[in-house]
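Q: To start, I am sharing the structure in question, which I have written as structure tokens.
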Amino acid sequence: MQVTVKLFATLRTNRFKVKVLDYSSGTTILDVARDLDIPKEELALTLVNGISVEVDHEIRDGDTLSLFPPVGGG
Amino acid sequence: MSSILGKVLRVNLSTGAIATEALSAELSKAYIGGRGLAGKMLADEIPAGIDALSEENKLFFVTGPLTGTAAPTGGRYMVVTKSPLNNVIASSNSGGFWGAELKFAGYDVVIVEGKAKEPVYIAIKDDEVEIRPADKLWGKKSNETTDMLLEEFGDPKARVLNIGPAGENLSRIACIINDRWRAAGRSGVGAVMGSKNLKAIVVRGSQKVEAADPDKFKAVVSDAIKKIKENGVTGQGLPAYGTAVLVNIINESGIFPTNNFQEGVFPLAEEISGEALAEKYLKKKDPCFRCPIACGRYCEVDGEGGGGPEYETLWAYGSDCGVSDLKAIIKANNVCNEIGVDTISAGATIAAAMELVQRGYIKPEEVTGPALTWGNAEAIVEWTKKMADTEGLGAKMAMGSARLTEAYGAPELSMAVKKLELPAYDPRGLAGHGLQYATANRGGCHVRGYMVSPEILGVPEKLDRFAIDGKAEWVKIFQDITAAIDSAGICLFTSFAIGAQEYADLLTAATGIAYSAEDVLAAGERCFNVERMFNLAEGYSIADDTLPKRLLEDPMPDGPTKGYVHPLKEMLPKYYEVRGWDAQGIPTEEKKKALGL
């Protein structure tokens with residue numbers, strides 16, 4: 001299945017901004033992070049189609065995944 | 001010894017009287033300092049119903065017990081006055097170095113009263129305080145004012161606080177600038193300075209601010225700094241990208257107000273993001289006094305440098321105006337700092353003007369400058385410059401979006417609460433944050449209880465952003481702890497990493513007054529209730545605890561928040577109950593007694 005993966009802030013370093021990637025069904029966000037060599041502790045905010053989900057959330061075909069390290073502001 | 005100096009400087013510009021007086025120890029303890037202390041003093045000193053731009057209004061420049069100390073981010077001060085934008089209590093916070101310097105000069109608070117006959121500035125060098133003529137400075141922008149004053153004062157290490165032409169013209173969105181581009185931004189506090197013919201306050205001090213228990217203070221400061229450095233937000237995210245890092249997060253969540261809150265997703269957000277800023281225009285970090293976070297940015301475009309832009313500014317001039325030209329946003333930001341207007345209100349007012357044009361309220365012949373059309377980069381810079389004008393559409397815009405849209409018979413197009421323009425988060429996708437907008441004492445504000453933190457960032461824990469249950473309790477605690485932080489003289493951003501106990505420990509060691517975590521929260525609650533009572537006395541009621549009609553009635557048209565409106569009506573009764581207020585939003589006698597009011 002095809003999933004759009006968007007990376008932000010420091011997660012982009014040596015990786016990419018946005019890519020469409022192929023994953024098999026049953027893949028979780030944590031699996032994607034592992035595939036991209038992103039340590040779990042660097043994942044502070046994980047959105048699927050703009051809605052916050054936990055890292056064990058299973059992604060589906062056509063999802064957009066947005067991954068952020070710890071960030072904040074005001 | 002105590003980090004509270006116990007000294008108030010009172011300057012009357014009508015009579016020229018300059019006096020010092022003792023700060024009430026009782027009030028210091030109950031209200032901590034800063035926003036809480038000055039709010040209480042202002043409420044006690046000015047009668048309800050006065051004109052905010054008359055000489056009856058007073059301006060409080062107030063530090064907290066941690067200002068000027070080694071506490072992390074201990075450089076904050078507050079400007080507290082009656083707002084000429086909306087007649088509620090104004091409390092605008094700023095960083096930089098001016099607040100700490102005021103403590104070094106020996107004062108916790110400066111109160112400015114009356115009105116000078118001619119333009120003046122106040123010069124403070126420890127015990128030497130003078131009111132000096134400022135006729136040569138009148139009309140000058142921030143950087144030039146600062147340069148001229150530093151030369152005249154004869155000490156390059158002095159700190160300057162000033163207004164620009166907008167404050168002189170009594171723009172209701174005028175800010176007070178210190179250290180060239182730090183701003184006490186909101187509520188039109190710059191116009192109050194302008195109404196008093198006060199151009200600037202220069203300060204230089206030679207004293208140290210000592211803690212009551214130096215050894216203990218050193219230990220709690222180092223513990224707090226360690227926690228700030230180890231925290232992902234304050235130790236990594238904010239230092240690397242500044243507040244601008246939020247652009248993509250908020251946009252991806254579908255709550256990035258676009259074209260004056262007509263949409264919630266800006267397709268070109270990447271171009272105005274913190275990541276783009278860091279890559280293209282960031283020259284260096286620009287930290288405030290004693291700040292281990294250093295979120296401040298210094299950017300350059302076309303050889304011109306300046307502080308910022310912050311996330312809020314990138315939004316107000318960016319997506320809210322449909323603009324994706326980062327260079328133009330940086331330029332508009334610099335113009336705001338130079339002429340002295342609040343970047344949120346200024347950008348949001350241009351967005352409101354663009355919608356007035358879109359809907360045919362503003363006629364083409366009135367637009368005596370670049371077209372006010374969505375996405376016009378030239379317009380955001382040029383119309384900001386025109387906000388320093390005294391006539392024409394620019395001058396109308398300098399009065400803020402509420403007055404502008406009302407003048408065209410379309411007040412519903414002002415995206416403001418209590419006339420204060422909303423910041424960069426659409427509450428249709430943030431139930432708690434929207435409740436906080438509706439109930440913040442100065443009007444539509446994000447830094448009086450930043451519910452974005454739990455609702456989006458997952459700090460201190462992740463909450464369902466659409467859920468209603470439990471949010472009233474969260475908003476109350478966030479508003480109260482924020483009031484306490486604003487009273488302590490340090491930066492709200494520390495709260496990503498430390499909590500009420502750490503603030504209590506810092507305050508206890510610094511002042512010698514024993515504060516528990518509960519005392520800190522109670523002081524914050526006291527402050528919040530004093531402000532509420534100030535506003536009620538000005539005629540505000542529960543009818544004003546609201547949001548723009550669009551956000552309550554028009555479902556978000558697109559993106560991840562599609563279909564939602566803000567459920568305010570369902571949330572307010574619970575909020576009043578949690579606050580210990582009656583159904584009319586008035587603090588009950590029982591609550592007032594419990595808080596010692």
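The values are calculated or read from the model by the stated rules, or taken from the named source; none is laboratory data. On a predicted model such as this, the values are computed, not experimentally measured, just so you know. Positions of Cβ are backbone-derived with ideal geometry, glycine not excepted, and every protein chain shown enters the neighbour counts.
Q: Return the total of residues in the range B:145-169 being under 16 Å from B:Arg186 (Cα atoms) and hydrophobic (A, V, I, L, M, F, W, C).
A: Qualifying residue count, the range B:145-169: 3.
Q: So which of B:Asp135, B:Asp213, B:Asp155 is closer than 22 Å to B:Leu13 by Cα and of a type in the set (Asp, Glu)?
A: Residue meeting the stated conditions: B:Asp135.
Q: If you don't mind, there's one more thing I want to ask. Pick out the one residue from A:Thr46, A:Thr4 that is within 19 Å of B:Leu457 (Cβ to Cβ), assigned to a strand (DSSP E or B) and either within 12 Å of another protein chain (Cβ to nearest Cβ) or touching a Ser or Thr at 6+ places or on another chain (Cβ under 6 Å) (or both).
A: Residue meeting the stated conditions: A:Thr46.
Q: Filter the range A:49-74 for residues that are among the hydrophobic types (A, V, I, L, M, F, W, C) and more than 9 Å from chain B (Cβ to nearest Cβ) and give the result.
A: Listed by number, the residues that qualify are A:Val53, A:Val55, A:Ile59, A:Leu65, A:Leu67.
Q: Another question about this same structure. Scan the range B:514-565 for residues that are of a type in the set (D, E, K, R) and within 30 Å of B:Gly264 (Cβ to Cβ) and jot them down.
A: Within the range B:514-565, B:Asp544, B:Asp545, B:Lys549, B:Arg550, B:Glu553, B:Asp554, B:Asp558, B:Lys562 qualify.
Q: Same structure, new question: Please count how many residues of the range B:121-146 are of a type in the set (S, T, N, Q) and in contact with a helix residue (DSSP H, G or I) (Cβ under 6 Å, 6 or more places away or on another chain).
A: Residues in the range B:121-146 being of a type in the set (S, T, N, Q) and in contact with a helix residue (DSSP H, G or I) (Cβ under 6 Å, 6 or more places away or on another chain): 1 in total.
Q: To continue, here is another question. Restricting to the range B:368-384, name every residue that is surrounded by 16 or more Cβ atoms within 10 Å (Cβ to Cβ), in a helix (DSSP H, G or I) and not small (Gly, Ala, Ser).
A: B:Ile380, B:Val381, B:Glu382, B:Trp383, B:Thr384
Q: Quick one: count up the residues across the range B:1-45 that are of a type in the set (Gly, Ala, Ser), surrounded by 17 or more Cβ atoms within 10 Å (Cβ to Cβ) and in a loop (DSSP other than H, G, I, E, B).
A: So the count comes out to 3.
Q: Got at least one residue in the range B:484-502 being crowded, with 21+ Cβ neighbours inside 10 Å, within 14 Å of chain A (Cβ to nearest Cβ) and among the hydroxyl-bearing types (Ser, Thr, Tyr)?
A: Yes, the range B:484-502 contains a residue that is crowded, with 21+ Cβ neighbours inside 10 Å, within 14 Å of chain A (Cβ to nearest Cβ) and among the hydroxyl-bearing types (Ser, Thr, Tyr).
Q: Still on this structure, please answer the following. Counting just the residues of the range A:7-43 that are assigned to a strand (DSSP E or B) and within 13 Å of chain B (Cβ to nearest Cβ), which one comes out surrounded by the most Cβ atoms within 10 Å (Cβ to Cβ)?
A: Ranking the qualifying residues of the range A:7-43, first place goes to A:Leu7.
Q: Starting from residues that are touching a Ser or Thr at 6+ places or on another chain (Cβ under 9 Å) and among the acidic types (Asp, Glu), keep the ones in the range B:243-287 and report whichever is surrounded by the most Cβ atoms within 10 Å (Cβ to Cβ).
A: Here the answer is B:Glu252.
Q: Follow-up. Can you tell me which residue in the range B:540-566 is surrounded by the most Cβ atoms within 10 Å (Cβ to Cβ), limited to those that are hydrophobic (A, V, I, L, M, F, W, C) and assigned to a loop (DSSP other than H, G, I, E, B)?
A: B:Met556
Q: While we're on this one: Looking at (1) buried (at least 24 other Cβ atoms within 10 Å of the Cβ); (2) more than 14 Å from every other protein chain (Cβ to nearest Cβ); (3) among the hydroxyl-bearing types (Ser, Thr, Tyr), can you tell me which one B:Ser222 breaks?
A: (1)
Q: Here is a follow-up. Just to be sure, is B:Glu118 outside any strand (DSSP E or B), in contact with a Gly (Cβ under 6 Å, 6 or more places away or on another chain), more than 30 Å from B:Ala497 (Cβ to Cβ) and at pLDDT 95 or above?
A: Against the criterion (outside any strand (DSSP E or B), in contact with a Gly (Cβ under 6 Å, 6 or more places away or on another chain), more than 30 Å from B:Ala497 (Cβ to Cβ) and at pLDDT 95 or above), B:Glu118 does not qualify.
Q: Need pairs with beta-carbon distance below 7 Å; first residue within 11 Å of another protein chain (Cβ to nearest Cβ) and within the range B:438-462, second in a loop (DSSP other than H, G, I, E, B) and β-branched (Val, Ile, Thr); sequence gap 6+ or separate chains.
A: B:Ser453/B:Val459
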